[in-house]
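Read the structure below first, then the notes.
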Amino acid sequence: MKNRAKRALKSSKKDTLPRFPKNALSKDMRQYNNLILQCIPSGVMVINMEGLVTFCNASADSILGIDYLKEKDKNYASVLKGNSHVVQLIKNGINGETFFRKQLQLKMDGNSKWIGMTTSILYDKLATPMGVIAVFSDITDVKELESEVKLKERLAAVGELSAGVAHEIRNPLSAIGGYAELLKRGLSEDESASAVEGIIKETKNLNSIVTNFLSFVRKSQPVFNETDVNALIKEVISMVSFDKNAEGINFDIKTLKTLPAIEADPFELKMAFLNIIQNAVQAMPNGGRLTVKSDVQYGKIFIEVTDTGPGISKEIGDRIFNPFFTTKEQGTGLGLAIAHKIVESHDGKIEFKSKKGKGTTFIIRLPIRR
Ligand SMILES: Nc1ncnc2c1ncn2[C@@H]1O[C@H](COP(=O)(O)OP(=O)(O)OP(=O)(O)O)[C@@H](O)[C@H]1O
Ligand SMILES: [Mg+2]
């Protein structure tokens with residue numbers, strides 16, 4: 001009984017399979033595969049090891065603007081009509097190097113478009129390379145959208161910056177106007193002297209806003225030299241420790257003695273450290289501990305600046321690197337924006353960790369070699 005059931009099951013399974021002779025089935029599968037290749041929206045091009053184009057699907061024809069039947073068995077470089085980047089990618093493929101979603105600009109018959117191309121090696125049953133398969137799609141729309149978004153972002157950033165500059169400049173300007181009004185009214189000698197002092201102070205303030213702003217917006221051109229980061233940290237600490245704000249702060253310098261010299265612009269790095277260390281000092285008006293550490297790991301150096309100030313709340317954490325973002329009465333809000341720009345121009349990273357009421361640590365990572 002058991003055997004009969006098995007036999008019945010076997011024969012019912014057989015009945016569900018299409019009844020094709022062996023060759024006809026493989027021919028059918030070939031047609032089926034070909035249909036799939038012809039219907040997918042991605043272009044597929046196959047090039048053999050001699051560099052001849054042996055297959056293109058319909059999408060490849062339409063993306064490249066070619067007619068495969070006329071190009072069959074021609075050299076890929078002539079089919080791609082001097083699109084040197086694409087040609088190079090396929091050449092690399094023939095030499096065994098493949099790429100994933102490489103974005104390339106393609107110029108065919110006066111038309112320009114962007115394609116995203118992935119290449120893979122075509123192997124035979126014995127794993128011998130037979131050629132290269134290039135799969136690509138037209139990403140012109142995506143690229144256009146990307147550049148539109150970038151332009152909008154840039155315009156928004158310019159707007160934000162201009163608003164920031166206007167806001168920053170307006171305060172000292174109106175103070176200067178106020179002092180001038182007082183002078184016009186005729187004051188005692190002492191009062192006049194103090195109004196003039198006020199004008200001088202506000203002018204200095206304006207000057208520092210403009211200088212900071214320019215150092216932020218100017219395209220920086222760092223001059224890279226062998227730089228001793230520990231020495232820079234020491235210089236900055238000795239600069240800020242004389243500051244009135246630094247009273248009651250204990251400085252703890254834990255720099256690594258064997259820290260390697262790095263390729264950097266010492267002038268710019270010093271400015272970045274100064275801004276971060278100054279912030280730490282300003283975060284502790286009633287005193288505290290400021291720790292600066294340096295270390296090295298995996299070809300990068302780390303500098304950590306830790307304070308025991310109030311910390312940075314989540315609400316403002318996303319904005320502290322934005323130009324002109326400040327919570328200080330006298331701040332321009334450019335310190336961290338400048339530090340961020342400098343670290344980025346050194347291929348480094350800057351981030352912070354903070355606990356409310358406990359303090360903040362800024363971490364700067366910089367590559368030893370560029
Ligand atoms: N160590 C810190 N502890 C707490 N808050 C900080 C710290 N560092 C930065 N911040 C916050 O980030 C804001 C932006 O800092 P940034 O250095 O860019 O500008 P600023 O210090 O306000 O002004 P400026 O640097 O131009 O004098 C500060 O106003 C402050 O709110
Ligand atoms: Mg600052």
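The values are calculated or read from the model by the stated rules, or taken from the named source; none is laboratory data. This is a predicted model, so every value here is computed, not measured. Please note: Cβ atoms are built from the backbone with ideal geometry, for glycine as well, and neighbour counts cover all protein chains shown.
Brief remarks follow.
- The one condition from (1) part of a strand (DSSP E or B); (2) among the aliphatic types (A, V, I, L, M); (3) surrounded by fewer than 22 Cβ atoms within 10 Å (Cβ to Cβ) that ILE320 does not meet is (1).
- Number of positions in region 285-306 that are within 13 Å of ligand 1 (Cβ to nearest atom) and in contact with a Phe, Trp or Tyr (Cβ under 9 Å, 6 or more places away or on another chain): 7
- ASN212 meets each of the listed conditions (1) without any contact (Cβ under 8 Å) to a residue 12 or more places away in the chain; (2) closer than 17 Å to ALA337 by Cα apart from (1).
- Going through (1) at pLDDT 95 or above; (2) more than 16 Å from ligand 1 (Cβ to nearest atom); (3) touching a Leu at 6+ places or on another chain (Cβ under 8 Å) one by one, GLU191 falls short only on (1).
- For region 311-335, the candidate set comprises residues that are of a type in the set (D, E, K, R) and over 18 Å from LYS204 (Cβ atoms); within that set, the residue that is nearest to ligand 1 (Cβ to nearest atom) is ARG319.
- Exactly one residue out of ILE209, ILE200 is surrounded by 13 or more Cβ atoms within 10 Å (Cβ to Cβ) and within 47 Å of the chain's Cα centre (by Cα): that is ILE209.
- Filter result for ILE262 (touching a strand residue (DSSP E or B) at 6+ places or on another chain (Cβ under 7 Å) and either farther than 28 Å from PRO172 by Cα or near ligand 1 (Cβ under 8 Å from one of its atoms) (or both)): yes
- Out of PHE224, PHE213, one residue alone is under 30 Å from ARG154 (Cα atoms) and in contact with a helix residue (DSSP H, G or I) (Cβ under 7 Å, 6 or more places away or on another chain). It is PHE213.
Residues are listed down the side, and each one gets a yes or a no for (1) of a type in the set (S, T, N, Q); (2) more than 13 Å from ligand 2 (Cβ to nearest atom); (3) without any contact (Cβ under 8 Å) to a residue 12 or more places away in the chain; (4) surrounded by fewer than 18 Cβ atoms within 10 Å (Cβ to Cβ):
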{"position": "THR308", "(1), (2), (3), (4)": "yes, yes, no, no"}
{"position": "ILE312", "(1), (2), (3), (4)": "no, no, no, no"}
{"position": "GLU315", "(1), (2), (3), (4)": "no, yes, yes, yes"}
{"position": "LEU334", "(1), (2), (3), (4)": "no, no, no, no"}
{"position": "ALA337", "(1), (2), (3), (4)": "no, no, no, no"}
{"position": "VAL343", "(1), (2), (3), (4)": "no, yes, no, no"}
{"position": "GLU351", "(1), (2), (3), (4)": "no, yes, no, yes"}
{"position": "GLY359", "(1), (2), (3), (4)": "no, yes, no, no"}
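- Hey, VAL142 surrounded by fewer than 16 Cβ atoms within 10 Å (Cβ to Cβ), β-branched (Val, Ile, Thr) and under 29 Å from the mean Cα position of the chain (by Cα) or not: yes
- Considering only residues in region 269-294 that are farther than 16 Å from LYS234 by Cβ and more than 16 Å from ligand 2 (Cβ to nearest atom), the one that is surrounded by the most Cβ atoms within 10 Å (Cβ to Cβ) turns out to be GLY288.
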